[in-house]
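Enquirer: Below you'll find the structure I mean.
Each value in this text was obtained by applying a stated rule to the coordinates, not by laboratory testing. Quantities reported herein were computed from a predicted structural model and do not represent experimental measurements. Note: ideal-geometry Cβ built from the backbone for every residue, glycine included; neighbour counts use all protein chains shown.
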Amino acid sequence: MERGFSLFLGNSGYRTDQTQYIRRMSEARFTFVFTSLHIPEEDAALYVERLDQLVREAHRCGLRVIVDVSPSSLPYVASLDESVDGLRLDYGFSAEAIMELAKTYQIAFNASTLTETFLHELVNQGLSLKNVEAWHNYYPRPETGLSLEWIKRRNQWLHTQGLKTVAFVSGDGQKRGPLYRGLPTAEAHREVSPYGAARDLHDQLHTDAIVIGDQDLSPYSLMTFRENEARLRVSVREDIQEAELALLQLPHRQRFDPARDVIRSETSRPYARKGEFAIRAKETQTPSSRLKGTVTIDNETYGRYEGELQIMKKELPFDEKVNVVANVREEDMILLDILRPGEPFRLVTDE
């Protein structure tokens, strides 16, 4: 899963630690930077200076720079000391202008508005699709993001045209104003973890690359992307037994024969058996349904299944042979339907 991140040049979203942030993101295996060059006329010199600095540092770290441009801001790109790598084209560019730009830059079209007729017109004029991408927008206002089904269908069509697809996920650090509600492509991803949203776009919706829309990632998410590991944050029950906590904190792997209703840990039961852990049944356990995201461990009354850790993928009835030990946090629930057979995962307990 190729991934990039956003940096903004205006005062409202500008990072004074831009250089350090670029280096951290590069170390976390991000490969490109996205920024926008829609410039207020009175701030043109400042924007160009900041973009020059961004391009120099990104290239020092081996990162590509993609810039969102309009016909009016395009001349500023030509004035840079060091060239950007790609242009995401806003409205207003003619086929002739695009053909000329494609001689120098990677070209990115709007994934939602690109038509087959216009694309074929460019191809007939000699445009090579090798360096052409289709980028979905991000949507700052809640309730305006795209549906997952639309993104999937659109990606399928774009792939038939030979185009690579790109979409945005929200950051979970400082959000970009003025709304501060995230910058996702999909509305369903607005409040979920950046890594979970990225995995959904890539694994389920067949998006080739993702971009962090907001200008900040939390240290936790940065680590998750760097390790490229499914990490589910959980709230632990107060009555958890010592043996249960030890099993919870193991490195886990989903079984290669994935169950329909639950995620089954391949590692917990053998570990419990080897350590001779006794998972006692909880007499005080409330007889309530196991909701999606509930983490359970089979107790001693389940015979050879004692010690098996599971995570519910759907609501299941109460079972006295199963101890409830934790609950997955809402923002990480998306990963429950994405984990692949045999994929490692970790359960991260709240501080």
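Enquirer: Tell me which chymotrypsin sites (Phe, Trp or Tyr not before Pro) from region 260-351 have a DSSP coil assignment and no more than 13 other beta carbons within 10 Å of their own.
Expert: Qualifying residues, ordered by number: 318.
Enquirer: If you take the square roots of the eigenvalues of the alpha-carbon gyration tensor of region 232-349 and sort them as a ≥ b ≥ c, do you get rounded (a/c under 1.5), prolate (a/b over b/c) or oblate?
Expert: Since a/c stays below 1.5, the shape of region 232-349 is classed as rounded.
Enquirer: Let me ask you something else. Hey, what did the chain get for relative contact order, percent, Cα under 8 Å, at least 6 apart?
Expert: Numbers: 702 pairs, mean separation 50.8, N = 351.
Computed over the chain, the figure is 14 percent.
Enquirer: On to the next question. Out of residues 5 or more away from residue 65 or on other chains, whose amide H comes under 5 Å of its own, with H placed 1.01 Å from N in the peptide plane?
Expert: 33, 85, 86
Enquirer: Still on this structure: Could you check the spin-label model distance between residue 159 and residue 115? Points 7 Å from the Cα along Cα→Cβ, value in nm.
Expert: Output for this residue pair reads 2.6 nm.
Enquirer: Residues of region 331-348 with backbone nitrogen within less than 20 Å of a virtual label 7 Å along the Cα-to-Cβ line of residue 249, please, listed as ranges.
Expert: 345-348
Enquirer: Per DSSP helix of 4 or more residues, -39500 (n - 2.57); summed, then divided by the residues of the chain. What does that give at 222 nm, rounded to the nearest 500? Present the calculation step by step, with values, prior to reporting the outcome.
Expert: Working: 10 runs with 90 residues, N = 351.
Computed ellipticity for the chain at 222 nm equals -7000 deg cm²/dmol.
Enquirer: Region 74-116: which chymotrypsin sites (Phe, Trp or Tyr not before Pro) are DSSP loop and have at most 14 other beta-carbon atoms within 10 angstrom?
Expert: Sparse-neighbourhood loop chymotrypsin sites (Phe, Trp or Tyr not before Pro): 91.
Enquirer: If you don't mind, another one. At what distance in angstrom do the alpha carbon centres of region 222-299 and region 1-37 lie from each other?
Expert: Each part reduced to its Cα centre gives a spacing of 36 Å.
Enquirer: Scan region 89-178 for trypsin sites (Lys or Arg not before Pro) in coil per DSSP, keeping those whose Cβ has at most 16 other Cβ atoms within 10 Å, and list them by number.
Expert: 103
Enquirer: Now, a different point. Rounded if a/c is under 1.5, else prolate if a/b is larger than b/c, else oblate: which is region 24-89, with a ≥ b ≥ c the root eigenvalues of its Cα gyration tensor?
Expert: prolate
Enquirer: On to the next question. Remind me, relative contact order of region 229-306 in percent, using alpha carbon pairs under 8 angstrom and six or more residues apart?
Expert: Normalised by residue count, the contact order of region 229-306 is 24 percent.
Enquirer: Given the convex hull of the Cα atoms of region 2-228, what is a quarter of its surface area in nm²?
Expert: 11.6
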